[in-house]
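Structure first, commentary second.
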Amino acid sequence: AQDYDALRPYLLNAPREVIKHTMEATTQYYHNVPQGQRIFDMRRSHFPASNIFRRHEAVGTDTIPFNIVTWGGFRCCQFYVGRRSYYMSAHGMLTDGDFVGSLEDEIRYRGAMDLLISDMAKAEISARVRAILRAFQIKDWQSEPHHQNQNIAKRYIQELKKYYNRILTTSGAPPETILFIISYAIFIHNRT
């Protein structure tokens with residue numbers, strides 16, 4: 001618990017409740033920011049976690065491999081789903097080594113999550129991924145092997161496969177359109 005009375009002298013002796021609401025509404029991701037003697041005129045913080053929109057939810061992720069090369073040359077896609085909002089997204093990739101780029105795109109387009117849930121795939125726990133998570137103050141958690149129920153992405157990938165098979169059989173689209181069909185299914189799911 002934070003001592004709001006101790007902060008009163010620094011905030012014009014505002015009432016305790018005002019300080020409490022102010023602290024809840026401000027960014028608290030950096031506790032100790034070093035400052036020099038010179039004051040810089042800047043519009044954005046030098047700290048990446050302060051400059052990015054926050055999703056404020058845990059997000060599960062997993063790679064969906066394709067057994068064919070899709071239109072656009074993709075061999076797999078990275079799937080993300082929010083644990084609270086159930087908002088889904090997918091990014092086409094040439095290999096699962098492109099996970100870093102898909103994570104950066106996910107943060108850029110939808111905001112930085114509080115927690116990234118993944119399995120123990122090497123691409124998802126690499127040093128570059130840890131550097132991104134560290135820069136944006138994102139926690140990570142990996143599910144245990146052979147316990148697919150711990151990652152919410154696994155469950156929603158099953159739903160996506162069901163949608164994909166239904167759309168593929170009713171539309172007559174070629175199998176190379178798998179990424180387009182997945183994107184379409186995600187688009188409809190996010191809006192219904």
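So, in the stretch 148-173, exactly how many residues are closer than 19 Å to residue 63 by Cα and either open to solvent by 40 Å² or more (accessible area, probe 1.4 Å) or not charged (D, E, K, R) (or both)? Break it down into steps so the answer makes sense when it comes.
Residues of the stretch 148-173 closer than 19 Å to residue 63 by Cα: 148-165.
Now restrict to residues that are either open to solvent by 40 Å² or more (accessible area, probe 1.4 Å) or not charged (D, E, K, R) (or both): 148-158, 160-165.
Residues in the stretch 148-173 being closer than 19 Å to residue 63 by Cα and either open to solvent by 40 Å² or more (accessible area, probe 1.4 Å) or not charged (D, E, K, R) (or both): 17 in total.
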Subset of the stretch 174-190 (residues that are surrounded by 15 or more Cβ atoms within 10 Å (Cβ to Cβ) and either without any contact (Cβ under 8 Å) to a residue 40 or more places away in the chain or in contact with a strand residue (DSSP E or B) (Cβ under 9 Å, 6 or more places away or on another chain) (or both)):
178, 179, 181, 182, 183, 184, 185, 186, 189
Please determine, by comparing only the residues of the stretch 87-116 that are β-branched (Val, Ile, Thr) and open to solvent by less than 50 Å² (accessible area, probe 1.4 Å), which one is nearest to the chain's Cα centre (by Cα).
107
Would you be able to say whether some residue in the stretch 117-132 is over 13 Å from the mean Cα position of the chain (by Cα), under 12 Å from residue 61 (Cα atoms), in a loop (DSSP other than H, G, I, E, B) and among the acidic types (Asp, Glu)?
yes
Which residue is nearest to residue 138 (Cα to Cα), if the candidates are limited to the stretch 26-57 and must be at pLDDT below 80 and outside any loop (DSSP other than H, G, I, E, B)?
49
Just need a number here: residues in the stretch 87-119 that are touching a residue at least 60 places away in the same chain (Cβ under 8 Å) and farther than 18 Å from residue 64 by Cα.
2
Tally time: how many residues in the stretch 65-86 are under 22 Å from residue 149 (Cα atoms), surrounded by 16 or more Cβ atoms within 10 Å (Cβ to Cβ) and either out of contact with any strand residue (DSSP E or B) (no Cβ under 7 Å at 6 or more places or on another chain) or free of Cβ contacts under 8 Å to residues at least 60 places away in the same chain (or both)?
3
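The values are calculated or read from the model by the stated rules, or taken from the named source; none is laboratory data. Values in this document were obtained by computation on a predicted structure and should not be read as measured data. Cβ coordinates were reconstructed from backbone atoms using ideal geometry, including for glycine residues, and neighbour counts include every protein chain displayed. Note: areas computed on protein heavy atoms with side chains; ligands, DNA, RNA excluded. Shrake-Rupley method; radii C 1.70, N 1.55, O 1.52, S 1.80 Å.
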